[in-house]
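Colleague: What follows is a structure written as C-alpha cells; I'll ask about it next.
The values are calculated or read from the model by the stated rules, or taken from the named source; none is laboratory data. None of the values given here were measured: they were computed from a predicted structure. Neighbour counts run over all protein chains shown; Cβ positions are idealised from the backbone, glycine included.
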Amino acid sequence: MRWLDRSRSISGSRSRRERREEPLSADRIHAEYERGQRRRVAGYRYLAVRPLRRAAEAGHPAAAYELSLVLGGRERRLAWRRRAAQLAREQGRPATQVAFYLHEAVEDQQAEDVLREAAESGDRDAAFDLGEILERGLPDATGRGPTRAAEAERFYLIAYKLGRVEAALRLGLMLTGAGRREEGERYIRLAADLGNPVAARRAGDAARTRGHSQDAERYLRTAARAGSFRTSDDILAYAEFLGRRGRIHEALPLLRELGEDVASPRLETIDRMLRNAGLKEAEEYRKRAAELERALDTVDRTFD
C-alpha cells in the first residue's frame, strides 16, 4: 500500500490539482494574461491557450477576448467574446471596451445600446464611438445597414462638447460630405484650433485655396509642428507654402528635417521648389529622386 501513501499529500503538501484549483491572485491573473498574449502575438497559438484560459476563467476580460482569437470553432470564439463583454461590464470597465467585445461577438445592437447609455450619461468616448457607428450604419443582411446621420451629428456634438477634439473633425467631414460645406468647415477649423493635425492640414488647404494666406500659414504650421502626429506630407505642404510665398530659407530647415523618408514625387517637388529659388541644394534632391526611380525600376523588372 506504499504507492497509496505516496499518492496522498506528503508532510501536509497539496496535490498538483489542488494547487491548480487554488484562486489566483490579481498579479498572477495578469501575468498569465500577458504570457498568453505574448505567445499569441508571436504566433504560438497552441501555447497561448492554457495561460489565457487560466486568466479568462479567473475573470480577466481581455484574456477571454484573446482566448477567442486562438480557439477553433466559431461558436466557441463568440461565446468567449460574449464572456469578455459580460466580465468587462460586471467589473465596471469603460463602455467602449464592453461595446468592442459585443461588436466582436456580433452583438451589434447590444453594443450600440451600451454606448448610447454611457454617452447619455456623459461618457465622451462612448459618444464618439456611437457617432461613428451611426454614421457608417450597423451591418445587416445586405452588408452595411442604413446610416443615421442626424443621430450621428448629435453624438459627435456631445463628444466634442465633452472634450473629444477628434469628434469635431469627424463631424466636420461628415457635414462637408453631405453638402453642408460651410458648417462642416467650421467644425474642421474648431478641431484645427484645438491642435488636431489632420484638421489643421485640411483647414490650411481650404484657406490656401481661398487665398486666405494668413489662415493657411497658421493651420499648415500647426500640422507641420504637431509633434509625434506630424507626417512628411504635412511638413512638405508647409514648406511648399513658404516657398511659394518667397520664404524658401524658412522652408529649408523643414526640408532637411524630412531626412531620407521621402518618396520620389515629393523629391521632385522639392527639387522644383529649390530650382525655382535658384538654390544649389536642388541638385541633391534631383539625384535622390533619380536613384529612387532606378531602384524602383529594378524592383519592377524583378517581378516582371
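Colleague: Got at least one residue in the stretch 81-104 being touching a residue at least 40 places away in the same chain (Cβ under 8 Å), buried (at least 22 other Cβ atoms within 10 Å of the Cβ) and not β-branched (V, I, T)?
Modeller: Step one: of the stretch 81-104, the residues touching a residue at least 40 places away in the same chain (Cβ under 8 Å) are 101.
In the following step, the residues that additionally are buried (at least 22 other Cβ atoms within 10 Å of the Cβ) were identified as 101.
With not β-branched (V, I, T) added as a condition, the list becomes 101.
Taking every residue of the stretch 81-104 in turn, at least one turns out to be touching a residue at least 40 places away in the same chain (Cβ under 8 Å), buried (at least 22 other Cβ atoms within 10 Å of the Cβ) and not β-branched (V, I, T).
Colleague: Out of all the residues in the stretch 42-59, which are more than 24 Å from E90 (Cα to Cα) and not in a helix (DSSP H, G or I)?
Modeller: Answer for the stretch 42-59, where residues must be more than 24 Å from E90 (Cα to Cα) and not in a helix (DSSP H, G or I): A42, G43, Y44.
Colleague: Could you tell me whether the stretch 60-74 includes any residue that is crowded, with 23+ Cβ neighbours inside 10 Å, in a loop (DSSP other than H, G, I, E, B) and either on the phi < 0 side of the Ramachandran plot or not assigned by TED's automatic domain parsing to the domain that holds Y46 (or both)?
Modeller: yes
Colleague: Here's something else I'd like to know. Of all residues being β-branched (V, I, T) and under 18 Å from A159 (Cβ atoms) in the stretch 177-224, which is modelled with the highest pLDDT? Just the residue, please. Before you say what the answer is, go through the steps one by one.
Modeller: Step one: list which residues in the stretch 177-224 are β-branched (V, I, T), which gives 188, 198, 209, 222.
From what's left, under 18 Å from A159 (Cβ atoms): 188, 198.
Numbers: I188: 95, V198: 88.
In this case the residue turns out to be I188.
Colleague: Can you name every residue in the stretch 175-222 that is out of contact with any Asp or Glu (no Cβ under 8 Å at 6 or more places or on another chain), outside any helix (DSSP H, G or I) and not aliphatic (A, V, I, L, M)?
Modeller: G179, R180, G195, R210, G211, H212, listed by residue number.
Colleague: When residues of the stretch 143-198 are filtered for being more than 21 Å from G122 (Cα to Cα) and of a type in the set (D, E, K, R), how many remain?
Modeller: Within the stretch 143-198, residues that are more than 21 Å from G122 (Cα to Cα) and of a type in the set (D, E, K, R) number 9.
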